[in-house]
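Some notes on the structure that comes next.
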Amino acid sequence: MKVRVFIERGNDGYSAYMPDDNNLPFGLVGDGNTAKEAISDFNMSCDEMRDFFREEGKEFPDIEFEFSYDVPSFIAYYSDKLSLAGLSRITGVNQGQLSHYLTGRRHPSEKTARKIQEALHNFGKEISQISFV
C-alpha cells in the first residue's frame with residue numbers, strides 16, 4: 001500500500017507527516033531542522049511502530065511511502081543535487097524567486113508551484129530516456 005507523506009517547512013523547522021485519510025491504524029510524524037532530518041525522523045518513527053507491532057504480536061502493514069513536498073522543502077531537500085541556477089533553467093522560474101521561496105520570504109502561487117512541478121516531471125521523463133552507448 002502506498003501512503004502519501006507530506007514534507008513541509010514551518011517557522012521552526014521541517015515536518016513530515018501522513019494525512020488522516022490513509023486507512024492505517026496509526027499515524028507517523030517526523031520533525032527536524034532540515035527536510036532530510038524530518039524524513040529521517042519520520043522513518044525512525046516508522047521503525048519504532050514496526051517494532052511495537054512485532055512486540056504486540058501484530059502484523060505490520062506492507063507500506064511504501066510516497067513523499068510530497070511544498071516548494072521550499074523540495075528546494076531545500078534537493079539543494080545538494082540541484083542548484084538554484086539549474087532549477088531555474090529547468091523550470092523557467094527566476095533564480096532569485098526560487099531563493100525567496102527557499103528562505104521563506106515569499107511563497108509560490110499555486111500556478112507557479114504547478115509550473116515547477118510540471119517542468120520537473122518533464123525533466124524526469126527526459127532523463128529517464130537517456131541511454132549510454
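Could you look through segment 116-133, keep only residues that are open to solvent by 60 Å² or more (accessible area, probe 1.4 Å) and either under 26 Å from Asn11 (Cβ atoms) or small (Gly, Ala, Ser) (or both), and pick out the one that is modelled with the lowest pLDDT? Don't jump to the end; show me each part of the working.
The initial filter retains those residues of segment 116-133 that are open to solvent by 60 Å² or more (accessible area, probe 1.4 Å), namely 117-118, 121-123, 125-133.
Now narrow it down to the ones that are either under 26 Å from Asn11 (Cβ atoms) or small (Gly, Ala, Ser) (or both): 117, 128, 131.
Numbers: Gln117: 96, Ser128: 94, Ser131: 86.
Here the answer is Ser131.
Would you mind stating whether Asn22 is under 16 Å from Arg4 (Cβ atoms) and modelled with pLDDT under 95?
Details: under 16 Å from Arg4 (Cβ atoms): yes; modelled with pLDDT under 95: yes.
Taking the combined requirement at face value, the residue satisfies it.
Could you grab me the full set of residues in segment 60-73 that are outside any loop (DSSP other than H, G, I, E, B) and of a type in the set (Phe, Trp, Tyr)?
Step one: of segment 60-73, the residues outside any loop (DSSP other than H, G, I, E, B) are 64-69, 71-73.
Passing the criteria: Phe65, Phe67, Tyr69.
So Val5 fits all but one of (1) within 26 Å of Lys115 (Cβ to Cβ); (2) β-branched (Val, Ile, Thr); (3) open to solvent by 40 Å² or more (accessible area, probe 1.4 Å); what number is the exception?
All conditions are met except number (3).
Mind checking which residues of segment 1-31 are touching a Ser or Thr at 6+ places or on another chain (Cβ under 8 Å) and on the phi > 0 side of the Ramachandran plot? Don't jump to the end; show me each part of the working.
Step one: filter segment 1-31 for residues touching a Ser or Thr at 6+ places or on another chain (Cβ under 8 Å), giving 4-9, 13-14, 28-31.
Within segment 1-31, Gly13 is the sole residue that qualifies.
Hey, can you tell me all the residues within segment 8-33 that are surrounded by fewer than 18 Cβ atoms within 10 Å (Cβ to Cβ), in contact with an Asp or Glu (Cβ under 7 Å, 6 or more places away or on another chain) and closer than 20 Å to Arg105 by Cβ?
Correct list: Glu8, Gly13.
If you check Ala16, Ala76, which single one turns out to be at pLDDT below 95, under 28 Å from Arg114 (Cβ atoms) and outside any loop (DSSP other than H, G, I, E, B)? Full working, then the answer.
Working: Ala16 fails: at pLDDT below 95.
Only one candidate qualifies: Ala76.
Could you tell me whether Lys58 is closer than 20 Å to Asn33 by Cβ and not aliphatic (A, V, I, L, M)? First the steps, then the outcome.
On the way: closer than 20 Å to Asn33 by Cβ: no; not aliphatic (A, V, I, L, M): yes.
The answer is no for Lys58.
Among what's in segment 56-85 and is more than 10 Å from the chain's Cα centre (by Cα) and closer than 16 Å to Gly124 by Cβ, pick the residue that is surrounded by the most Cβ atoms within 10 Å (Cβ to Cβ).
Leu82
Test Phe26 against the criterion of being without any contact (Cβ under 8 Å) to a residue 40 or more places away in the chain and not in a helix (DSSP H, G or I), and give yes or no. Explain how you work it out, then say what you get.
On the way: without any contact (Cβ under 8 Å) to a residue 40 or more places away in the chain: yes; not in a helix (DSSP H, G or I): yes.
Against the criterion (without any contact (Cβ under 8 Å) to a residue 40 or more places away in the chain and not in a helix (DSSP H, G or I)), Phe26 qualifies.
Does segment 34-44 contain any residue that is assigned to a strand (DSSP E or B), within 12 Å of the chain's Cα centre (by Cα), closer than 23 Å to Pro108 by Cα and of a type in the set (D, E, K, R)?
So in segment 34-44, the residues assigned to a strand (DSSP E or B) come out as none.
No, because not a single residue in segment 34-44 is assigned to a strand (DSSP E or B), within 12 Å of the chain's Cα centre (by Cα), closer than 23 Å to Pro108 by Cα and of a type in the set (D, E, K, R).
State the number of residues belonging to segment 86-105 that are over 20 Å from Arg9 (Cα atoms), assigned to a helix (DSSP H, G or I) and open to solvent by 30 Å² or more (accessible area, probe 1.4 Å).
2
Here is a check on your reading of the model: is Met49 open to solvent by 80 Å² or more (accessible area, probe 1.4 Å), farther than 22 Å from Leu98 by Cα and in contact (Cβ under 8 Å) with a residue 12 or more places away in the chain? Walk me through how you get there before you give the answer.
Details: open to solvent by 80 Å² or more (accessible area, probe 1.4 Å): no; farther than 22 Å from Leu98 by Cα: yes; in contact (Cβ under 8 Å) with a residue 12 or more places away in the chain: yes.
Considered against the rule, which asks whether it is open to solvent by 80 Å² or more (accessible area, probe 1.4 Å), farther than 22 Å from Leu98 by Cα and in contact (Cβ under 8 Å) with a residue 12 or more places away in the chain, Met49 comes out as no.
The values are calculated or read from the model by the stated rules, or taken from the named source; none is laboratory data. None of these values were measured; they are calculated from a predicted model. With ideal geometry, Cβ positions are generated from the backbone for all residues, glycine too; neighbour counts draw on all protein chains shown. Keep in mind that these areas ignore ligands, DNA and RNA; they rest on the heavy atoms of the full protein, side chains included. Shrake-Rupley method; radii C 1.70, N 1.55, O 1.52, S 1.80 Å.
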